[in-house]
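Beneath this line is the structure, given in structure tokens, with notes to follow.
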Amino acid sequence: MRVWQTNNGEKRRQLSGHMLEVNCCRFFPSGLVVLSGGIDTLLKIWTVENGSCAATLKGHKGGILDTAVVEKGRHVVSSSRDGTARLWDCLASTCLTVVADCETPVNGIAVGTADSRIDLGSPNQSSSLQEAGTEGKIMLLAREDRTLQGVALQNKSPVFVFNGSSAFNCCTFLSNSYVVAGTQDGDIYYLDMRNTCSPLQTFHRSGAPVLSVIPFKDGFMASQGDGSCFLIQHDLDHVIELTEPDCDPVYKVAIWEKTVYTCCRDGVVRKYLLSEL
């Protein structure tokens, strides 16, 4: 992995340690620490200041597919091809619990605070002090078996299950009630977690897999396997397209204020400035 200076394209750090390909990476809220997950089944925590690996988290039996950071970063969660989603204590470098065992690959996850009207079940009295900060949180699971699932992070009780048109690849929170999730056949579902019997809206721009969704202001940004990347906002009916990739999948999108970064199969990280938003 590489860490870049975004204002001039200078490479700042080379993070070496995974034995196979890296599937996912993200910064902790401090901006000084990076979490990565690889095909080698390992999660690694890196110090950006000197490029060293501060910790390696072991426990998954399949490649890591996605990660999320809980609050300030005392805990992280991960999902894997082995069908599990796990909660980790970063300070102790240990797996605290298996939050969900789905018996199917969990392609994407997200963690958010739940609306007070959403039933998360009774607090788990057996939860240890190590799990402090997980209360009131929901974890979304984008599953290979066409299921989007919500699970209470603290007590692991199911909150909702929604069945889509095909495998779910990615998911994210828009608020403490609303979520979006993208599928392998190009559908993006907009859901209210308080009532998931049917989606509030379904977006379909092409049949290419939806590979990434991320919140942005009053909407969200998504990327697909055909190279398209677009922003939907203003009551979810206004679309802004980002240009450049030519049919190569855009795997991930990241946003910082009005700047968008995209990661494409052609090996290029592109930077866009949304100056009018």
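The values are calculated or read from the model by the stated rules, or taken from the named source; none is laboratory data. Just so it is clear, the model here is predicted, and its values are computed rather than measured. With ideal geometry, Cβ positions are generated from the backbone for all residues, glycine too; neighbour counts draw on all protein chains shown. Surface areas here come from the heavy atoms of the whole protein model, side chains and all, with no ligands, DNA or RNA. Shrake-Rupley method; radii C 1.70, N 1.55, O 1.52, S 1.80 Å.
At a glance:
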read-out	value
Some residue of the stretch 85-100 being among the acidic types (Asp, Glu) and open to solvent by 10 Å² or more (accessible area, probe 1.4 Å)	no
Every residue from the stretch 160-208 that is within 17 Å of PHE220 (Cβ to Cβ) and basic (Lys, Arg)	ARG205
Single condition SER80 does not satisfy, out of (1) under 18 Å from ARG26 (Cβ atoms); (2) in contact with a Pro (Cβ under 6 Å, 6 or more places away or on another chain)	(2)
Filter result for ASP82 (more than 22 Å from VAL34 (Cβ to Cβ), open to solvent by 10 Å² or more (accessible area, probe 1.4 Å) and out of contact with any strand residue (DSSP E or B) (no Cβ under 7 Å at 6 or more places or on another chain))	yes
Residues of the stretch 165-187 satisfying the condition of being of a type outside the set (Ser, Thr, Tyr), touching a Lys or Arg at 6+ places or on another chain (Cβ under 8 Å) and under 20 Å from LEU236 (Cα atoms)	GLY186
Test: VAL213 is under 23 Å from ASP66 (Cα atoms) and surrounded by 18 or more Cβ atoms within 10 Å (Cβ to Cβ)	yes
Candidate set from the stretch 34-49 (those that are open to solvent by less than 40 Å² (accessible area, probe 1.4 Å) and of a type in the set (A, V, I, L, M)); member that is farthest from TRP88 (Cα to Cα)	VAL48
In the stretch 123-151, the residues that are modelled with pLDDT under 95 and among the small types (Gly, Ala, Ser)	SER126, SER127, SER128, ALA132, GLY133, GLY136
Wholly enclosed strands (runs of 3 or more DSSP E) of the stretch 206-277 bearing at least 1 residues touching a residue at least 24 places away in the same chain (Cβ under 8 Å), under 20 Å from CYS170 (Cα atoms) and of a type in the set (Gly, Ala, Ser)	210-216, 219-224, 250-256
Neighbours by Cβ (under 7 Å, 6+ apart or cross-chain): first from the stretch 31-52, farther than 12 Å from VAL69 by Cβ and touching a residue at least 12 places away in the same chain (Cβ under 8 Å); second surrounded by fewer than 17 Cβ atoms within 10 Å (Cβ to Cβ) and of a type in the set (Lys, Arg)	THR41/LYS61; LEU42/LYS58
The stretch 101-122, residues that are part of a loop (DSSP other than H, G, I, E, B), open to solvent by less than 20 Å² (accessible area, probe 1.4 Å) and aliphatic (A, V, I, L, M)	ALA114, ILE118
Some residue of the stretch 9-27 being among the hydroxyl-bearing types (Ser, Thr, Tyr), open to solvent by 30 Å² or more (accessible area, probe 1.4 Å) and at pLDDT 95 or above	no
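Listed here are the residues, each with its yes/no results for (1) over 22 Å from VAL111 (Cβ atoms); (2) assigned to a strand (DSSP E or B); (3) more than 17 Å from the chain's Cα centre (by Cα); (4) of a type in the set (Phe, Trp, Tyr).
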position: TRP4; (1), (2), (3), (4): yes, yes, yes, yes
position: ASN7; (1), (2), (3), (4): yes, no, yes, no
position: LYS11; (1), (2), (3), (4): yes, yes, yes, no
position: GLY17; (1), (2), (3), (4): yes, no, yes, no
position: ILE45; (1), (2), (3), (4): no, yes, no, no
position: CYS53; (1), (2), (3), (4): yes, yes, yes, no
position: THR56; (1), (2), (3), (4): no, yes, yes, no
